[in-house]
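Laboratory data are not the source of any read-out in this text; all were calculated from the coordinates shown. All of these numbers come straight from a predicted model, not from anything done at the bench. For neighbour counting, all protein chains shown are included, and Cβ atoms are generated from backbone atoms with ideal geometry for every residue, glycine included.
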2 protein chains.
Amino acid sequence: MDISRLDIHNSDTPELCKSCEVRHKGMCGALNGMELTLLSKHTRQVSQPAGEELVGESTDIDAYDNIMRGVVKLSKTLEDGRQQIVGLQFAPDLVGRLYASESPMTAEAASDVDVCRVPRRILERLIDGNPELRKRLMDQSLRELDEARDWMVTLGRKTASEKVASLLLLIATHLDPDAEGERRVFDLPVSRLDIADYLGLTIETVSRQLSKLKGEKVISITANRHIEVLNFTKLRVRAG
Amino acid sequence: MDISRLDIHNSDTPELCKSCEVRHKGMCGALNGMELTLLSKHTRQVSQPAGEELVGESTDIDAYDNIMRGVVKLSKTLEDGRQQIVGLQFAPDLVGRLYASESPMTAEAASDVDVCRVPRRILERLIDGNPELRKRLMDQSLRELDEARDWMVTLGRKTASEKVASLLLLIATHLDPDAEGERRVFDLPVSRLDIADYLGLTIETVSRQLSKLKGEKVISITANRHIEVLNFTKLRVRAG
DNA sequence: CATTCCACTTGATCTTGATCAAGGAATGGC
DNA sequence: GCCATTCCTTGATCAAGATCAAGTGGAATG
């Protein structure tokens with residue numbers, strides 16, 4: 001891999017980097033706002049439609065994907081096909097297990113996704129030379145660890161009803177972060193099967209719990225995926 | 001906090017640091033083998049009997065504990081008392097959420113534990129100045145993240161029987177790492193209740209599954225806590 | 001417009017693991 | 001050694017959620 005053309009410096013015009021306006025020249029997402037521009041032919045923007053795989057379980061990692069738009073789901077599968085979603089990632093997260101040559105899980109576009117793809121060696125080199133980037137990635141890793149452990153409580157100790165409420169709460173927080181008061185509006189980025197696989201339930205149970213929340217006027221659902229939270233306080237109480 | 005006396009350097013005699021032979025002067029565990037000696041009155045060795053709390057959930061973090069001997073359990077509790085163990089830590093792990101002022105969970109001595117306690121500010125300063133230590137802690141965090149996600153699969157998608165086998169496997173790996181062939185011997189560092197809280201089960205179910213494994217001659221149990229694995233291959237198959 | 005397909009919902013029944021209840025075995029104090 | 005206490009096991013019953021089985025509705029296709 002040719003990294004001789006790699007040029008890392010604090011950009012005088014970091015605005016160029018925002019939202020990847022300068023494609024193939026700027027790194028965005030988590031790496032944005034760093035006032036850092038990576039001028040390299042290696043970095044490029046990639047769009048994936050929902051359902052498309054970014055990295056497969058137990059496959060070689062040769063690049064990291066910085067999410068700019070959309071939702072990525074991380075999952076693990078047992079030999080007999082049972083699946084567990086172990087995390088959702090949103091912009092501006094970086095997708096990919098740092099410092100591993102093999103991915104411990106599958107990363108898949110849940111919704112349509114735009115990412116900025118950085119070759120592995122390049123990012124690892126960037127990290128070494130850039131304390132702020134290093135700190136940022138350390139923070140993301142530690143935050144993901146906190147989230148994974150929070151979710152272990154949900155998986156191990158909550159009822160089906162609490163699990164579903166917890167997931168709605170999680171998604172609402174990410175997809176409608178600025179909302180105030182009782183109302184939240186968003187589109188579920190995942191299918192009922194994905195929800196079930198995230199919560200350790202079956203699709204039938206998920207469906208029943210959503211119907212129950214609908215019947216109790218905590219949420220309203222239109223077109224299967226469009227959720228309107230009517231009573232956020234109640235939803236939080238349900239989540240335990 | 002007085003850190004003026006802090007002196008960090010690569011030790012010429014790292015042997016002094018092994019197993020904390022020089023107490024109050026050396027950092028051990030994860031920090032051992034770093035050929036690094038921290039000469040500071042702030043670092044000290046602490047022994048905690050089983051059951052004693054090291055850090056409470058939502059309490060201020062003012063020190064990190066480097067495990068030198070024993071097993072530490074990390075847990076989270078819901079308001080109504082339901083508990084989930086979100087991780088076990090063994091020597092030479094570092095206990096404590098890096099870069100947070102408040103602990104997201106309880107850390108408790110599962111067995112009798114010896115730790116090397118380092119004040120928070122001191123360790124954070126050490127990290128800044130020491131790339132190898134930084135890498136080591138990053139690796140630990142990423143490994144813990146992998147483990148948490150593996151456990152999410154166990155919690156969400158495995159049966160009671162598979163869960164219990166998975167835990168025995170996990171503990172055997174840590175407490176009898178050098179064993180070869182089919183036999184493994186160790187003492188459970190945790191009670192049945194802890195096992196249940198780690199697996200998202202009840203003590204009754206755990207007890208029944210252990211009895212089943214005993215009946216099938218996969219393990220033998222003496223004095224409640226002493227486990228002898230008779231057929232490691234079978235145990236691995238059971239773990240799914 | 002009819003048809004197919006897919007994602008989701010709803011109902012009936014079954015199973016796994018929880019709960020309730022009792023008793024047994026190890027541990028600590030005196 | 002004896003007692004109390006705590007931890008663990010085992011049995012009987014119950015219920016949450018899984019499984020099995022039909023639908024429903026919306027979007028895509030011809």
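Report the dimensions of segment A:48-154 along its three principal axes from the alpha-carbon atoms, largest first, rounded to Å.
Projected onto its principal axes, the Cα set of segment A:48-154 covers 43, 31, 26 Å.
log₁₀ I(q)/I(0) of segment B:158-239 at q = 0.16 Å⁻¹, via Debye over equal Cα point scatterers, no solvent, to two decimals?
Computed log10 I(q)/I(0) values: -0.51.
Can you list the residues, at least 5 places off or on another chain, whose amide H is less than 5 Å from the amide H of B:VAL95, using H built in the peptide plane?
Counting only residues 5 or more places away or on other chains, the set is B:ASP65, B:ASN66, B:ILE67.
Specify the inter-centroid distance of segment B:70-108 and segment A:64-136, based on alpha-carbon positions, in whole Å.
What the calculation gives is 25 Å, centre to centre.
Counting partner chain Cβ atoms within 10 Å of every residue's Cβ in B:139-148, what's the average?
Mean partner shielding for this stretch: 6.
Using a label position 7 Å from Cα in the Cα→Cβ direction, what is the ascending list of nm distances from B:GLY56 to the same site in the other copies?
5.1
In terms of modelled amide H atoms, which long-range or inter-chain residues lie less than 5 Å from the amide H of B:VAL71?
Result for B:VAL71 returns B:ALA110, B:SER111.
How large is ³J(HN,Hα), in whole Hz, for each residue of segment B:64-78 in order, when computed from phi with the Karplus curve 6.51 cos²θ - 1.76 cosθ + 1.60 and θ = phi - 60°, using x for Gly and Pro?
Per residue, the Karplus-derived 3J(HN,Hα) values read 10, 10, 9, 6, 10, 8, x, 10, 10, 10, 10, 9, 10, 10, 7 Hz.
What does the copy distance list look like for A:ILE203, label position 7 Å along Cα→Cβ, in nm and ordered from shortest?
4.1
Would you mind listing the distances between the B:LEU230 label point and the same position in each other copy? Use 7 Å along Cα-to-C-beta, nm, one decimal, shortest first.
6.0
For the pair B:SER101/A:THR59, report the inter-label distance in nm, with labels modelled 7 Å from Cα in the Cβ direction.
4.4 nm
Near the amide H of A:GLY87, under 5 Å away, which other amide H atoms are found, from residues 5 or more places off or on another chain, if H is placed in the peptide plane?
Under 5 Å from the amide H of A:GLY87: A:LEU74.
Provide the gained length on full extension for the span B:THR173 to B:SER47, in nm with one decimal, where the gain is 0.36 nm per separating residue minus the Cα-Cα distance.
Using 0.36 nm per residue and subtracting the Cα-Cα distance, I get 42.9 nm.
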